[in-house]
1. Do you know which residues across the range A:44-84 are of a type outside the set (A, V, I, L, M) and free of Cβ contacts under 8 Å to residues at least 40 places away in the same chain?
2. When the range A:79-132 is examined, which residues are found to be closer than 27 Å to A:Thr67 by Cβ and among the basic types (Lys, Arg)?
3. List, please: which pairs have Cβ atoms under 6 Å, are six or more places apart or on different chains, and start with a residue in the range A:118-144 that is free of Cβ contacts under 8 Å to residues at least 60 places away in the same chain and end with one that is in a helix (DSSP H, G or I) and open to solvent by 90 Å² or more (accessible area, probe 1.4 Å)?
4. Which residues, taken from the range A:127-137, are over 15 Å from A:Asn35 (Cα atoms), within 14 Å of DNA strand C (Cβ to nearest atom) and open to solvent by 90 Å² or more (accessible area, probe 1.4 Å)?
5. Cβ-Cβ under 9 Å, sequence separation 6+ or interchain: first residue in the range A:106-117 and more than 16 Å from DNA strand C (Cβ to nearest atom), partner at pLDDT below 95. Which pairs?
6. Find the residue count for the range A:75-86, including only residues that are within 16 Å of DNA strand B (Cβ to nearest atom) and of a type in the set (Phe, Trp, Tyr).
7. Does A:Asp89 satisfy the condition of being within 16 Å of DNA strand B (Cβ to nearest atom), of a type outside the set (A, V, I, L, M), under 29 Å from A:Ala23 (Cβ atoms) and in contact (Cβ under 8 Å) with a residue 24 or more places away in the chain?
Amino acid sequence: MAKQYWLFKAEPHIYGIDHLAAAPDKIGRWDGIRNYQARNFLRDQVKLGDEVFIYHSSCKNVGIVGTAKIIKTAYPDPTQFDPESDYYDPKSNRENPRWVSVDIQLTKIFTRLIPLAELKSHPALENMVLIKQSRLSTQPVSAQEWSTIHSLLK
DNA sequence: GCCAACGTTGGC
DNA sequence: GCCAACGTTGGC
């Protein structure tokens, strides 16, 4: 199956591209996803080698800040079992975990943040899930959108 | 901080 | 299964 592209949202003050850049081998666990639609993408469709835009949300400068690749596909998100975690889910259990994580490795920090407003104003991006459905934290990106967004950096 | 959009919960 | 109430996301 062909490589697919994704967009993952993060609140940079909690876990953003800087955290990923500072991690050993620039590898991080993408956890804390607690929305079924977003979970289903992670669990059922995200594959090894797929590429991902990292998007910063709920902050002063919202937009795409870089890219990463999938280095480990879905496995149970350990934070759901940890009562100390903000992402603890008492209704989940180890026999039948409700939530999953994937591991990603940073591939590029963009030379500039591409603001949401710029994405919204670009005609070729008007059908992006990001723009059509604003409240989805992991979402597919088409190959054309992937390429268009990279062209904005030049 | 406001508020629109939308997901979740729970009574019936 | 419906739907009102409530909670969360996320841009501005």
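1. Just the residues of the range A:44-84 that are of a type outside the set (A, V, I, L, M), to begin with: A:44-45, A:47, A:49-51, A:53, A:55-61, A:63, A:66-67, A:69, A:72-73, A:75-84.
Matches in the range A:44-84: A:Asp44, A:Lys60, A:Lys69, A:Lys72, A:Thr73, A:Tyr75, A:Pro76, A:Gln80, A:Phe81, A:Asp82, A:Pro83, A:Glu84.
2. Selection gives A:Lys108, A:Arg112, A:Lys120, A:Lys132.
3. These pairs meet every condition: A:Ile131/A:Lys120.
4. Narrowing the range A:127-137 to residues over 15 Å from A:Asn35 (Cα atoms): A:127-132.
Imposing the further condition that a residue be within 14 Å of DNA strand C (Cβ to nearest atom) reduces the set to A:128-132.
Across the range A:127-137, the qualifying residue is only A:Lys132.
5. As it stands, the answer is A:Phe110/A:Leu153; A:Thr111/A:Leu153; A:Arg112/A:Leu153, since those pairs meet every condition given.
6. Of the range A:75-86, the ones within 16 Å of DNA strand B (Cβ to nearest atom) are A:77, A:80, A:86.
Adding the requirement that they be of a type in the set (Phe, Trp, Tyr) leaves none.
Within the range A:75-86, residues that are within 16 Å of DNA strand B (Cβ to nearest atom) and of a type in the set (Phe, Trp, Tyr) number 0.
7. Working: within 16 Å of DNA strand B (Cβ to nearest atom): yes; of a type outside the set (A, V, I, L, M): yes; under 29 Å from A:Ala23 (Cβ atoms): yes; in contact (Cβ under 8 Å) with a residue 24 or more places away in the chain: yes.
In short, yes.
The values are calculated or read from the model by the stated rules, or taken from the named source; none is laboratory data. This structure is a prediction, so every number in the text was calculated from the model and none was measured. Heads up, the Cβs are rebuilt from the backbone with ideal geometry, glycines too, and the neighbour counts pull from every protein chain shown. When the accessible area is computed, the model is the full protein with side chains, heavy atoms only, and any ligands, DNA or RNA have been set aside. Shrake-Rupley method; radii C 1.70, N 1.55, O 1.52, S 1.80 Å.
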